[in-house]
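To keep things clear, I will list the structure first and then write my remarks on it.
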Amino acid sequence: MVQPDLQTVRLSNGKEITVHTHLFINNEFVPGHGPLIETINPATEEVICSVHSADEQDVNAAVNAAATCFKDTWRKVAPAEKARLINKLADLMERDRDELAILDALDNGKAFTVARDVDITDSIACYRYFAGWADKIHGKTIDTTFDKMCYTRHEALGVVGAVIPWNYPTMMAAWKFAPALAAGNCIVMKTSEITPLPAYKFAALVKEAGFPAGVVNIITGYGHTTGNYLSGHPLVSKMAFTGSTATGRKVMESSSTSNLKKLQLELGGKSAQIVCADADLDQAAEWACGGIFNNHGQSCNAGSRILVHESVHDQFLELFIKHTKAMIKIGDPFEEDTFQGPQISKAQFDKILNYIEIGKKEGAVVSYGGKRWGNKGYYIEPTVFTNCHNQMRIMREEIFGPVVAIAKFKTIEEAIDIANDSDYGLAGSVYTTNLDTAITVTNEIKTGTMWVNCFDVFDQSTPFGGYKQSGFGKELGKYSLQEYTQVKVVKILRSSKI
Amino acid sequence: MNMTTSFALFLYFYLVNTGLFINNEFVAGNNTIETINPATGKVITSVQAAGSQQVNTAVEAAHKAFHGGWKTSTPRNRARLMHKLADLVERDVNDLAHLETLDNGKPLRNAQRDIIDVSNYIRYFAGFCDKLHGKVIDTQGKLSYTVHEPIGVCGAIIPWNFPIVMLIWKVAPAICTGNTIVVKTSEMTPLSALKFAALVKEAGFAPGVINIITGYGHIAGDSLARHMKCDKIAFTGSVNVGRAIMKAAAESNLKKITLELGGKSPNIIFDDVENLDEAVFWSRFGIFYNAGQMCFAGSRIYVQEGIYDEFVKKFEKLVLSGKVGCPFDKSTFQGPQISETHLNRIMSYIDIGKKEGATCHLGGKRVNNNGGYFMEPTVFTDVKPDMRIMREEIFGPVVVICKFKDTKDVIKQANDTIFGLAASVFTSNITRAVTVSNALEAGSVWVNCTSIVTENSPFGGYKQSGIGRENSEYALANYTQIKAVKINLNSKL
């Protein structure tokens, strides 16, 4: 059954918007052959609309469109022209900032103001940052012996596959598209079937900006079908994946049985925030609060364990709860003062509530929250567990919701050991005014990002990515360019008669 | 058996401890494996082989050494130890070369060159120990910087074709960046690594920093690839095993991986080549060196039609002048293949080539010599692009030579492969040299030469020839992980 591409959707405030629901392949919206998938509004639990999804034939069409475009067109486009196109795309995103934010808020449930001022704003900045790199991809000349000319080229990979999650729909797309395009690749991206709408609006802007057909292709579908076809496709040179550790393993396995494509995995986390006795406690409490409750706890880098020095634990807890009450206004995503919207889906909602029960059974104490909020929409109260220890499941397993586990420590060495006692290694923070403590802790914690006296502070220019089972490879910053290029060395020998 | 071989055997009895080298001690394994001299087919000796228990012991030793002091060792100290190790390798170059030739079958002077390369590699990376730079990145209101940290325990699984060179390609960058390492050598060529292990201890490395074991791939190799305390695996070998390694990493702890796999590298000779004799020299070197047992071997030669006949004539003459014989004999160019199994496999490809309708222009037969695994250097002509001998990696002294007319067409044929390890172009025209090397899908492109691999330039594959680059500054990325630190200076909420 084929539905028309454009569908009208009514928002909770009565406003109506038009959304694309077809696959975006070769600069055209096409229905594809996969099943229609309903996308749900998590604030109302109602269906927003259905979207078309990609089956194996469609994935193949998208990959072939990208491959043909790379070979015939995109690789011959001058870097400065690539930069101009990416900047033009950023301009159009600025022009349509509100519309993009509406779609993020509608499909994901995050507050409209957050979508507009954080997600979309940062996404635009990401495109502009990487546009600047497009004409600065440098190889080296290497002096080996007198009779040779030796140099390296950092070439594009060709066709890049990307699978992104639902937690920051537009921003997760930007983190993949921007460096991939700047490095000269063509892309096929599978969005999450839970949040397919924002990327299709973005797709229309890609076409309007003037990108040649086939540079950017956006499809959606289930991970175990559409995602799987993409991970296994022989013409895809690299897969960039953000999602769960369990699915990350599958992507890697798929590469091992197909064409050994290069990989980049951005997986889960259980990041520890360490509050030292000499910290500015009020500041620490406020940063730590955002560190777990931002995006309703649905961040891979969420600071979901807080380790507090025993001498300041009670004082910190009081401040933390004070900030939670003040900061976290739960409500409809389109209300102006909403901070926290609903969780993404029924499945996640049930999972989080189940973890709250597990925490109670394990002997942790609910010091705040712990329940569903309201009786419609997947809303959960920000929840604070105290009296935790690091062997509890709520301290070890990723909950991906607004639930934080707080534990005490006696010495900084103990805090470091607890923080490192995890299979994950994505992020972390330390709150202290002491220089030695700051350097020691940031050196010792095995994670890809360490924040000092802050949390969740992102820049386009600094790399982000995990240690251990939080994944491998870096996003953002100059470091990410090497994920999207391959090195060729050329060695020219002078004839011996010279 | 001649004088040189028996001298070598005499030497090794005094030089090589055949245990597993773990924690600076040679210990017993789970079982023993015999290692064969491919020049005679006779057993040299048995060595201890690791089962999963011994792999665990080695990884635990490396883990303890990393956390016990190596992680916090000063760069200067690491560099000093590495230079000392290079000194010892230079001191014992003859012992190491003789062992390498005995175990692998490569001509002695090639083995000597390999050992000298090894000491150069160690010194090159020793120089990097104190030059591992992160960045300071300008961001508002914060001090943001990156640290390039060691990963921890690195595992390496290496092949038999360049035993000690392959060992150092992994050990040197791993150690200079502050990691500890467990290397599983090929059970077919364990000896030079065991001699090297004794030098590691003599140089003064702390126990557990460098561990060298051997064993079967599907037992010891698999164990290492799956070990939860091994944070990275570097593998050189076949594509099939590369897949298994990636799968093992996915199923265990998602350890970082680098893979150095197979190749079917094209060697393209244009009729405007500066000097045809030089092109012939390099082309022959590019396939018949090391008895064709090189991942980057230029095993497909494309010659432009104007010079085809002359090239083939000169090539044949040069190939026939190369002696196949005992590797300790100074006049030998080509030693034996590594094993009976491998020789059989190469010979079966020769049968396949003939059945497919290609012409076996030169060679094609085994050579009887003292019970060893010798064969003639072999040349096929009249080959079609879809023939198996054109597409599949033979890993032996077998080359196919094709005629071509048109540049666009030869580039297409050159790139029509799942591999992408290396390629060569012979021309005197600068535009052609650069445009053709740009168009070739390969990690190394040689112009007017072949097979020049050095410690200071990157080496690695496109497509299914692998992931990651070894050697040069590029290799450091394989053995470090990046941490971003952001210190808030003045942003209060």
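The values are calculated or read from the model by the stated rules, or taken from the named source; none is laboratory data. Note that the structure is a prediction, hence the values are computed from the model and not measured. Positions of Cβ are generated from backbone atoms using ideal geometry, with glycine treated the same way; all protein chains shown enter the neighbour counts.
Here are the numbers for the structure shown:
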{"quantity": "Selected residue (criterion: surrounded by the most Cβ atoms within 10 Å (Cβ to Cβ)) from residues of the stretch B:242-258 that are touching an Asp or Glu at 6+ places or on another chain (Cβ under 6 Å) and at the interface with chain A (Cβ under 7 Å from one of its Cβ atoms)", "calculated": "B:Ala250"}
{"quantity": "Residue within the stretch B:392-412 that is closer than 21 Å to A:Gly158 by Cβ and among the small types (Gly, Ala, Ser) present", "calculated": "no"}
{"quantity": "Positions within the stretch A:430-462 being facing another protein chain (nearest Cβ under 9 Å) and of a type in the set (Ser, Thr, Tyr), in sequence order", "calculated": "A:Thr442, A:Thr447, A:Thr449, A:Ser461, A:Thr462"}
{"quantity": "Residue list for the stretch A:1-24, filter: outside any strand (DSSP E or B), farther than 20 Å from A:Thr220 by Cα and more than 28 Å from the chain's Cα centre (by Cα)", "calculated": "A:Asn13, A:Gly14, A:Lys15"}
{"quantity": "Complete set of residues in the stretch A:478-495 that are farther than 20 Å from B:Gly461 by Cα, more than 7 Å from chain B (Cβ to nearest Cβ) and part of a loop (DSSP other than H, G, I, E, B)", "calculated": "A:Arg494"}
{"quantity": "Failed criterion for B:Phe66 (all others in (1) touching a Ser or Thr at 6+ places or on another chain (Cβ under 6 Å); (2) more than 14 Å from every other protein chain (Cβ to nearest Cβ) hold)", "calculated": "(2)"}
{"quantity": "Count - residues of the stretch A:415-440 that are acidic (Asp, Glu) and modelled with pLDDT under 95", "calculated": "1"}
{"quantity": "Check on B:Ala439, surrounded by fewer than 21 Cβ atoms within 10 Å (Cβ to Cβ) and either among the hydroxyl-bearing types (Ser, Thr, Tyr) or over 22 Å from the mean Cα position of the chain (by Cα) (or both)", "calculated": "yes"}
{"quantity": "Residue within the stretch B:421-439 that is at positive phi, facing another protein chain (nearest Cβ under 9 Å) and modelled with pLDDT of 95 or more present", "calculated": "no"}
{"quantity": "Selection within the stretch B:471-488 - hydrophobic (A, V, I, L, M, F, W, C), facing chain A (nearest Cβ under 7 Å) and within 18 Å of the chain's Cα centre (by Cα)", "calculated": "none"}
{"quantity": "Strands (runs of 3 or more DSSP E) fully within the stretch B:12-82 counting 3 or more residues that are at pLDDT 95 or above and under 30 Å from B:Pro327 (Cα atoms)", "calculated": "B:31-37, B:42-49"}
{"quantity": "Test: residue in the stretch B:347-357 that is free of Cβ contacts under 8 Å to residues at least 60 places away in the same chain and buried (at least 23 other Cβ atoms within 10 Å of the Cβ)", "calculated": "yes"}
{"quantity": "Qualifying position, being closer than 23 Å to B:Gly69 by Cβ and modelled with pLDDT of 95 or more, among B:Ala174, B:Ala193", "calculated": "B:Ala174"}
{"quantity": "Residue list for the stretch A:359-371, filter: over 20 Å from A:Glu318 (Cα atoms) and surrounded by 15 or more Cβ atoms within 10 Å (Cβ to Cβ)", "calculated": "A:Gly359, A:Glu362"}
{"quantity": "Boolean, A:Ser231 is over 30 Å from B:Asn488 (Cα atoms), crowded, with 20+ Cβ neighbours inside 10 Å and without any contact (Cβ under 8 Å) to a residue 60 or more places away in the chain", "calculated": "no"}
{"quantity": "Subset of the stretch A:292-323 (residues that are among the β-branched types (Val, Ile, Thr) and in contact with a strand residue (DSSP E or B) (Cβ under 6 Å, 6 or more places away or on another chain))", "calculated": "A:Ile292, A:Ile306, A:Val308, A:Ile321"}
{"quantity": "Qualifying residue in the stretch A:250-269 (condition: buried (at least 24 other Cβ atoms within 10 Å of the Cβ), away from every other protein chain (no Cβ under 12 Å) and in contact (Cβ under 8 Å) with a residue 24 or more places away in the chain)", "calculated": "yes"}
{"quantity": "Those strands (runs of 3 or more DSSP E) lying entirely in the stretch B:299-379 with at least 3 residues assigned by TED's automatic domain parsing to the domain that holds B:Val400, in contact with a helix residue (DSSP H, G or I) (Cβ under 9 Å, 6 or more places away or on another chain) and of a type outside the set (Phe, Trp, Tyr)", "calculated": "B:300-304, B:359-362"}
{"quantity": "Subset tally (residues that are among the aliphatic types (A, V, I, L, M) and either surrounded by fewer than 23 Cβ atoms within 10 Å (Cβ to Cβ) or farther than 14 Å from A:Gly303 by Cβ (or both)) for the stretch A:280-291", "calculated": "1"}
{"quantity": "Output for the stretch B:451-469, where each listed residue is at the interface with chain A (Cβ under 8 Å from one of its Cβ atoms) and touching a residue at least 12 places away in the same chain (Cβ under 8 Å)", "calculated": "B:Thr454, B:Asn456, B:Ser457, B:Pro458, B:Phe459, B:Gly460, B:Tyr462, B:Lys463, B:Gln464, B:Gly466, B:Ile467, B:Arg469"}
{"quantity": "Residue satisfying all of: in the stretch A:134-150; of a type in the set (Ser, Thr, Tyr) and in a loop (DSSP other than H, G, I, E, B); surrounded by the most Cβ atoms within 10 Å (Cβ to Cβ) among these", "calculated": "A:Thr144"}
{"quantity": "Test set (1) at the interface with chain B (Cβ under 9 Å from one of its Cβ atoms); (2) surrounded by fewer than 19 Cβ atoms within 10 Å (Cβ to Cβ); (3) farther than 30 Å from A:Pro42 by Cβ - A:Lys474 fails condition number", "calculated": "(2)"}
{"quantity": "Subset of the stretch B:235-256 that is within 16 Å of the chain's Cα centre (by Cα) and among the aliphatic types (A, V, I, L, M) - its residue that is farthest from B:Val303 (Cα to Cα)", "calculated": "B:Val241"}
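A quick yes/no check of all residues on (1) within 14 Å of another protein chain (Cβ to nearest Cβ); (2) under 30 Å from A:Glu38 (Cβ atoms):
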site: A:Arg305; (1), (2): no, no
site: A:Leu319; (1), (2): yes, no
site: A:Phe334; (1), (2): no, yes
site: A:Gln343; (1), (2): no, yes
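Yes or no, residue by residue, for (1) touching a His at 6+ places or on another chain (Cβ under 9 Å); (2) under 23 Å from A:Ala105 (Cα atoms):
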{"position": "A:Ser271", "(1), (2)": "no, no"}
{"position": "A:Ala284", "(1), (2)": "no, no"}
{"position": "A:Phe293", "(1), (2)": "no, yes"}
{"position": "A:Glu310", "(1), (2)": "no, no"}
{"position": "A:Pro333", "(1), (2)": "no, yes"}
{"position": "A:Pro342", "(1), (2)": "yes, yes"}
